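Please read the structure below before turning to the comments.
The values are calculated or read from the model by the stated rules, or taken from the named source; none is laboratory data. Note that the coordinates shown come from a computational prediction; the quantities given were computed from them, not determined experimentally. Reconstructed Cβ throughout: ideal geometry from the backbone, glycine too, with neighbour counts over all protein chains shown.
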Amino acid sequence: MALTFEPISQISSSKPAWNIKARVVRLWKVSDFNRNTLPFSIEMVLMDSEGSRIHASIKKTLLYKFQSEIREGKVYSFENMGVAANGGSYKTTHYPYKLNFQFGTKCLPLCGALVSGSDFKFVPISDIVGGSYDCDYLVDVIGMLTGVGTEREYERNGSATKLNVIAMEADGYKLQCTLFGTYVDELNTFLATGETANVVVSIQLAKVKVFQDNIHIQNCLNCTRLKFNPVCVEGTAFKNRMIENDDTPSPLTQLAVEPSIDPLQDFLFNTPRTTIQGLKDSQQEGMYVVLGTVKQIVNPENWYYTACMCNKSVYPAEGMHFCEKCNRHVVKVFPRYSIKVRVVDDSDCATFVLFDRDATMLFNKSCADILETHRADEGVLPTEIAALVNCTYLFKVEFKTAISPRFEQSFRVKKVCTDGVIINQFKAKWAKEEATFIKNTNEMGSLSSLLDKGKDVLVVGSSSVQSHDLGSLSETIDKDKNIIVEGTPIGISEDLLPKFSSVAVDLDVGASKKVSNCCLVKSTTRKIVKRVLPQPEINEVEEINLPIKLLKRNIKIEKI
């Protein structure tokens, strides 16, 4: 009986085994973290004659059976393939299912002409930087190489690896890609050729990352394929289109290393300050700086968790650990900080959460190092963590409005400042701002109260120069529309006493009377409110409009 081969688009969980004809468009080995010289599995992306794609895996126990039979770029018939859900955050295809090789699976080579089509499914850079692309799926990107960074080393989990950044551009949109390990060697090999003009770079199966609201891509271990001036239809067409386009990409440049942010600028000027009560009442998501004192370790028995390489927590399963994000069993796991502290200030208290990166910088020790040196007789809480209690720090915390009412509100710490000099400068800066605010508020309230009660407000001035007629002054007042109104705070930054004499003005009736030696003119009515306005000098009739505007800058006020 002849076998029936189904297209990839029909594969589902409706039956346990499937037969397909497909080309291997990408194949790579996943290393065993315990023994890097041995593979843990073989992963691949298959494409059929319709252009549909699906992910397939060969588990470690079946490597001996299939690893010598399958080659990238070849076409095969696959019989009796198992089916499973396609999960995790590193999905190579958008198809909801994936295939697993089984012990009874058969793999036979076929003519390559049976399955044609491109190995790539390029996504425009504009879609990626626009934020519309789902980061759980790996992406194929093509663009002109416009920048190369400076190679440096990145240290993690006690091992160092090479790191560099390249910049790409397409249709006016720019995107950066971070390269690690052997991909940096591939970049250096290409740059050594000297052919750096109008270079097209294609990156297959890259991971989209979002860091501090900036979108970039990076290579995945062994999975990503990096090509400079790729020999493919898409590469040739893209290069011709960009050369003919008037808006040609920028020439290849050296990318500047991003300067580190000065903690003083970050905590005192770049990030808004608030209190814990203000943080709880905030309606706007973002970063805030809070000065607080640690009073309690909330989770003394659960200050760390066991994590996968992706930093997500795992749980024991079948003698190993299972990661829900990666959707697979993992052998290599790491301890990670997750410290909940109770922080108080003058307004309220709240729970702040310190995760691995910031806690490692705070203690200058990794979680694994603290666990290794922690003695049982010290109690469940290491001394480094217990020492946080009663310490005052500056916390840069993240506020998010989407919080479930079923759980206690807590705030994730993004950065901690323990520098006593910066903390004291923060206190002094905030105390000065509060004092200025209170002073201005009190002055405004006092002036408003006087005006409300109908009290005489005397504006003091003196001059030995003979004054002009009051009629002239009244005419000037009528011309100037910027008369000080009731309840308006006023102030002057220069001394006007040498220029002006004292005049009492009845604000109720608009009349003005001359006063000498800063004395009030006796009024015939008790309810008349008198103010003193300055008189101009004899030679300054043309400048009569200036005093009214200057009065708003600094006027000495006395209560009668």
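Taken over the stretch 308-332, residues that are surrounded by fewer than 17 Cβ atoms within 10 Å (Cβ to Cβ) and under 26 Å from Ile297 (Cα atoms) amount to 4. The lone criterion from (1) exposed (fewer than 12 other Cβ atoms within 10 Å of the Cβ); (2) at pLDDT 90 or above; (3) in the same structural domain as Glu301 (by TED's automatic domain parsing) left unmet by Val389 is number (1).
Checking the condition modelled with pLDDT under 85, touching a Ser or Thr at 6+ places or on another chain (Cβ under 7 Å) and farther than 30 Å from Lys332 by Cβ, which residue from Ser250, Ser260 passes? Only one candidate qualifies: Ser250. Thr392 meets the stated requirement of being touching a Gly at 6+ places or on another chain (Cβ under 8 Å), farther than 30 Å from Asp32 by Cα and of a type in the set (Val, Ile, Thr). Looking across the stretch 347-386, the residues that are out of contact with any Phe, Trp or Tyr (no Cβ under 9 Å at 6 or more places or on another chain), more than 22 Å from Glu408 (Cβ to Cβ) and of a type in the set (A, V, I, L, M, F, W, C) come down to Met361, Ala376, Ala386. Here Gly51, Gly82 are screened, and the one residue that is more than 25 Å from Asp134 (Cβ to Cβ) and either in contact with a Pro (Cβ under 7 Å, 6 or more places away or on another chain) or not β-branched (Val, Ile, Thr) (or both) is Gly82. Return yes or no: is Glu372 surrounded by fewer than 15 Cβ atoms within 10 Å (Cβ to Cβ) and in the same structural domain as Gln284 (by TED's automatic domain parsing)? When the stated conditions are applied, Glu372 passes them.
Taking strands (runs of 3 or more DSSP E) as the structural unit, those lying wholly within the stretch 11-61 and holding at least 2 residues that are touching a Gly at 6+ places or on another chain (Cβ under 8 Å) correspond to 17-31. Could you check the stretch 123-134 and list, in sequence order, the residues that are surrounded by fewer than 19 Cβ atoms within 10 Å (Cβ to Cβ) and either in contact with a strand residue (DSSP E or B) (Cβ under 7 Å, 6 or more places away or on another chain) or in a loop (DSSP other than H, G, I, E, B) (or both)? Selection gives Val123, Pro124, Ser126, Val129, Gly130, Gly131, Ser132, Tyr133, Asp134.
Scoring Asn229 on the criteria (1) farther than 30 Å from Leu394 by Cβ; (2) among the polar types (S, T, N, Q); (3) at pLDDT below 85 leaves a single failure, condition (3). State yes or no: is Ile54 touching a helix residue (DSSP H, G or I) at 6+ places or on another chain (Cβ under 9 Å), closer than 30 Å to Asn311 by Cβ and among the β-branched types (Val, Ile, Thr)? Considered against the rule, which asks whether it is touching a helix residue (DSSP H, G or I) at 6+ places or on another chain (Cβ under 9 Å), closer than 30 Å to Asn311 by Cβ and among the β-branched types (Val, Ile, Thr), Ile54 comes out as yes.
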